[in-house]
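The values are calculated or read from the model by the stated rules, or taken from the named source; none is laboratory data. Worth saying up front: this structure is predicted, and the values here are computed from it rather than measured. Cβ coordinates were reconstructed from backbone atoms using ideal geometry, including for glycine residues, and neighbour counts include every protein chain displayed.
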Amino acid sequence: MVKVYRNAVGLSALAIALLQVPAHAQSADESGSNESADIVVTGTRIALPGAKSNSPIVSTSEEQIKLRSALTIEDFSTTLPQLSGGVRQGSQGSDAFGAQVLELRNFGQSRSLVLIDGTRAAPFSFRNSVDVNAIPASLIKRTDVLTGGAAAVYGADAVAGVVNFILNDDFEGLTASATGRLSTHGGAQYGGSLMLGTGLGDSGNLVLAADYTQRDPIRAYQRDWAATPNQTIASIGGVFTDVASGRKFGFGDDGAFTTSPSATSNVSENYLLVSPLKRINVAALYKYDITPQVELYGRAMYTNVRSTETGTPGATPASVNRTVSISEDNPFLTDQIRSQLTFVNGAADVNVSRSLYELGLVDYQTERNTLQVQTGLRGPLTSAVDWNVYAQYGRSTENTLITGDGLVTNNAGANNFASIVNTIDIFGPNAPGLADALGKPINGFSRKRDQFVAAATLSGTLEELFSLPAGPIGFAVGAEYRRETADIDQDTALLTGNTYRQGVQAAYTGSFDVKELYGEVLIPVLHDLPLIREFNVGGAYRLSDYNLFGTHGTWKVEGNWEVDDNVRLRATYQRVLRTPNFGEFAGGVSSLPFNALVTVDRLKPRYGGDPCVLGTGNAEQCARFGAPAQGSVDSTSAGYLTGNYYYGGNPDLKPETGFTTTAGVVITPVFAPGLTLSADWYQLDLKGAVGVIQPIAAITSCYITNPTAGNPLCNLVTRNADGSFKDAFVNNQNLGRLLQRGLDLSASYTLREDWVPGDGLRLSYQGNVVTSYEIQANPTVEAIQCKGTFGATCSSDGTTLVQPDYRHSVGVGLLFDKGVIQFDWQRIGKVRSSTAGSTETIGAQDTFDLAASYDFLEGLTMTLGIYNLFDKDPPAVSKGGVFNTFPDTYDILGRTVGLSLTASL
């Protein structure tokens, strides 16, 4: 902890000393706004002249998005310290299927709310997550990241905060761009955009935009660090055992016959690291003054995404291990094979253990369509009060075709492999006809998500009725109705478990609605006094009536004390709430073989072996549950996990509730115009958090950290009579507590002095320090300290597996009349393994980017960037990662060159 604080203090001092400024993360409320204009900042509905946020907000400007040669949101969002891993292009095996899902502060992707111009974006998954890549990057004017919770203003899900994408609805003209991003070790992303904006007389504006993005796949062999020699599968040539004699024979990967065959092969070099993607975005933004008092406004956004991923069970090919009857007149028997078999009555019983690699790797080929339409009316009710009503509808539909798998039995119940062993050549690799005989594309997932929102708001001030000595009271009051539905269907083969690799899936349908009333108030208390230039207090309350989860209230209180031109203090205290999403309360129980947690790379972080066998467990507890003796077996082998891994929903879940607190200072010294420094302390305290307890966490708690007879987590992983592990149960439940404390630090400054080269020097610092992150899996067990760790033991939802206690982004920009040169430094602090007894660590990781933008001609701009300038590989981890690392957090592309050309009229 001392080291973390030392880093924080040192970097703060560095920021002040160098007068650094976040070029790509300027605080939205400190950006020199026009004091005379009414401003709405993210986190409130009250529009006031010169409004300043009481919550910490980090903003990314349009210029910085372009400097990243951004084709997708991921191309720039991953540099923000407040945004942890989430789901990215390298998140193989997730259920996002080509989406990018944001996650704030490692608090779980379901606890970050995504907004577009202050209203909800359309979700796509049963987690209520939003694919932010459905938002055209070319249309974004600014992105605000508000951390600290905002449930009283925006409703449920805004527990860790909100990410608000502000679109360029004022654009006029014509802009076309073409962009390419090429990784030096293989892999490319390219696309283009077209945006047309036109005024509608003097009464409005219309903006039309279209984007196309294509991302090529990257496979493991294209990155040296992704080599996985232990990622073995059943032999692709096959191992054959004559049951009568016990003689074994088989074929090597090269097809050579042998009587001492290897039981395994390794094809992991062909596994996907980065999912291929094709995406089309079309959007329209409009606003039009019907009368001086009534403006029509809205948006329509459509996205088509096609992607390929490895899916839930991983890319591992299907395999068989079965005793079959080989006929003596089988036409594919060579003399070598016949000499090994014992025929009785014209047939030999042979155990066949082989991969069905001929079917290919298991791929999920998904097409998703997302549509959101919104229309509203707004205008002045009086000179001091505005009104706004809108309705929006969003729908996401997706279909997934699973390839590389097949059906175990036919309609009559006969085993398909056993039925073809005498008509198809099953001996050796690349067996001709095997794929046609056994492979079957499976209509895997058919998911549909609908969301309807209608709201009406009055906002403004009470100045026409009265004013306080310090000024008029600001307010916003309104009502909102929201209805969400989800429908997820599966192929019959998945519902019955009749596939080689998919386990047993569960279809379900769910819906809920909520009626809400909300209000905000901002009260000016004091102004223009010694040491009090302005002092305001405010609050908000939202009453939510859910048809499934009851009635709940969320609220916030806040204060803003502007001492003088140099110093401003701000603080918020809020009650937040999140209701269970569809996957949590409506999802049925699905399952995979428990041993998938040792055979599928993506699932390996969820199991770390049996502490009783490894010698790290409490001896009395191990004896109590009948565990095998220390060192007696290999608890990391597939054979040790004999049953199933059950996961799914829980209809008895309750909403999770908690409190968030922020307190900070903003310094804008008059002796350095344009300099802004800020530091905000925060606390996120969530009780009854909905989540799952992975086997590694349950086993660690039961046998190492809390080895008591009544530990309820012991029941989540059961044992067989011989002591080996049988089944794991990871259904969603209300857990204990998530508690995180930390600091957000930022500074901003642009030097425009004669001695500065060019037209100015822009310096930047944006950092996050986590001082404590406790995860309590169950109210009956002790909390685990998770700051500065990696691994599934300390993941709140199993998505982001790295919880650094320090991150920063530092930038230096050299400004010119027609361009800018930008240098950025991202740092992710040192982390240690959260696995009990492990001493493994990952050192601090630093990556650097260099980009430049220049207007060669009027209306013609070129941007060139080199990202991960020094070609830093992601850090290696001995176990618990995916392809030896954590693609959810660290850059896996290596050095990438981006080039963008933009022409404007």
Reported set for segment 377-431 where residues are part of a helix (DSSP H, G or I), of a type outside the set (V, I, T) and either closer than 30 Å to A96 by Cα or touching a residue at least 12 places away in the same chain (Cβ under 8 Å) (or both) is N416, F417, A418
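Do you know which residues across segment 213-238 are acidic (D, E) and under 10 Å from S268 (Cβ atoms)?
Initially, segment 213-238 is screened for residues acidic (D, E), giving 216, 224.
Those that are acidic (D, E) and under 10 Å from S268 (Cβ atoms): none in segment 213-238.
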Picking from S701, S724, which residue would you name as being modelled with pLDDT of 90 or more, of a type in the set (G, A, S) and farther than 28 Å from E656 by Cα? S724
With the requirement that a residue be crowded, with 21+ Cβ neighbours inside 10 Å and either touching a Pro at 6+ places or on another chain (Cβ under 6 Å) or outside any strand (DSSP E or B) (or both), what does segment 737-766 give you? D744, S746, S748, S764, Q766
Options N399, N411: the member that is surrounded by fewer than 16 Cβ atoms within 10 Å (Cβ to Cβ) and out of contact with any His (no Cβ under 9 Å at 6 or more places or on another chain): N411
Looking at (1) of a type in the set (S, T, N, Q); (2) surrounded by fewer than 20 Cβ atoms within 10 Å (Cβ to Cβ); (3) over 30 Å from the mean Cα position of the chain (by Cα), which is the one condition that is false for N715? (3)
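Okay, residues lined up against (1) surrounded by fewer than 18 Cβ atoms within 10 Å (Cβ to Cβ); (2) not charged (D, E, K, R):
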{"site": "E520", "(1), (2)": "no, no"}
{"site": "D528", "(1), (2)": "yes, no"}
{"site": "I532", "(1), (2)": "yes, yes"}
{"site": "N536", "(1), (2)": "no, yes"}
{"site": "G539", "(1), (2)": "no, yes"}
{"site": "N547", "(1), (2)": "yes, yes"}
{"site": "H552", "(1), (2)": "no, yes"}
Mind telling me which of the residues A623, A679, A663, A627 ends up being small (G, A, S), part of a loop (DSSP other than H, G, I, E, B) and more than 22 Å from the chain's Cα centre (by Cα)? A627
Within segment 575-613, considering residues that are more than 25 Å from P887 (Cα to Cα) and β-branched (V, I, T), the one modelled with the lowest pLDDT: V589
Scan segment 618-632 and report the pairs whose first residue is farther than 17 Å from A836 by Cβ and whose second residue is surrounded by fewer than 17 Cβ atoms within 10 Å (Cβ to Cβ), with Cβ atoms within less than 8 Å and a gap of 6+ or a chain change. R624/A709; G626/A721; P628/D722; G631/G615
Matching residues in segment 869-897 - criterion: being part of a strand (DSSP E or B) and at pLDDT 95 or above: T896, V897
Kindly indicate which of D242, D216 is surrounded by 17 or more Cβ atoms within 10 Å (Cβ to Cβ) and either acidic (D, E) or in contact with a helix residue (DSSP H, G or I) (Cβ under 7 Å, 6 or more places away or on another chain) (or both). D242
Total residues in segment 632-660, condition in a strand (DSSP E or B), surrounded by 18 or more Cβ atoms within 10 Å (Cβ to Cβ), under 27 Å from the mean Cα position of the chain (by Cα) and not β-branched (V, I, T): 7
Run I704 past the list (1) closer than 23 Å to R111 by Cβ; (2) among the aliphatic types (A, V, I, L, M); (3) not in a strand (DSSP E or B) and report the number of the one that doesn't hold. (1)
Taking only segment 798-832 into account, find how many residues are surrounded by 19 or more Cβ atoms within 10 Å (Cβ to Cβ), under 30 Å from S701 (Cβ atoms) and touching a Ser or Thr at 6+ places or on another chain (Cβ under 7 Å). 6
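Applying the selection to segment 304-341, what residues are of a type in the set (V, I, T), surrounded by 14 or more Cβ atoms within 10 Å (Cβ to Cβ) and more than 31 Å from the chain's Cα centre (by Cα)? Before you say what the answer is, go through the steps one by one.
As a first pass, look at segment 304-341 and keep what is of a type in the set (V, I, T): 305, 308, 310, 312, 316, 320, 323-324, 326, 334, 337.
Next, from what is left, pick out any that are surrounded by 14 or more Cβ atoms within 10 Å (Cβ to Cβ): 305, 308, 310, 312, 316, 320, 324, 326, 337.
The answer is V320, V324, I326, I337.
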Residues being surrounded by 16 or more Cβ atoms within 10 Å (Cβ to Cβ), among the small types (G, A, S) and within 26 Å of Q372 (Cβ to Cβ): count how many of those fall in segment 436-478. 6
Report, by residue number, each residue of segment 708-736 that is touching a residue at least 40 places away in the same chain (Cβ under 8 Å) and outside any loop (DSSP other than H, G, I, E, B). P712, L713, C714, T718, R719, F725, K726, D727, A728, F729, Q733, N734
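Quick grid of which residues meet (1) closer than 23 Å to I892 by Cβ; (2) crowded, with 19+ Cβ neighbours inside 10 Å:
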| residue | (1), (2) |
| --- | --- |
| D157 | no, yes |
| G180 | yes, no |
| G187 | yes, yes |
| L194 | no, no |
| S203 | no, no |
| A226 | yes, yes |
If a residue has to be more than 30 Å from M195 (Cβ to Cβ) and assigned to a loop (DSSP other than H, G, I, E, B) to count, how many in segment 844-868 make the cut? 1
Hey, can you tell me all the residues within segment 209-266 that are closer than 27 Å to G186 by Cα and among the β-branched types (V, I, T)? T213, I218, T228, T232, I233
Any pair with Cβ under 8 angstrom, 6 or more apart, that starts in segment 46-73 at a residue that is buried (at least 23 other Cβ atoms within 10 Å of the Cβ) and assigned to a strand (DSSP E or B) and ends at one that is of a type in the set (D, E, K, R) and at pLDDT below 80: I57/D29
Scanning segment 770-797 for residues that are touching a Lys or Arg at 6+ places or on another chain (Cβ under 7 Å), modelled with pLDDT under 90 and part of a loop (DSSP other than H, G, I, E, B) gives A783
What are the pairs, 6+ residues apart or on separate chains, where a residue within segment 567-596 that is farther than 24 Å from V690 by Cβ has its Cβ under 8 Å from a residue that is in a loop (DSSP other than H, G, I, E, B) and of a type in the set (A, V, I, L, M, F, W, C)? L569/V563
Give me the residue from segment 833-867 that is charged (D, E, K, R) and modelled with pLDDT of 95 or more and, out of that set, surrounded by the most Cβ atoms within 10 Å (Cβ to Cβ). D849
Out of (1) more than 30 Å from L462 (Cβ to Cβ); (2) touching a Leu at 6+ places or on another chain (Cβ under 9 Å), the one N369 does not meet is (2)
Across segment 367-413, the tally of residues that are more than 22 Å from Y481 (Cβ to Cβ) and of a type in the set (V, I, T) stands at 8
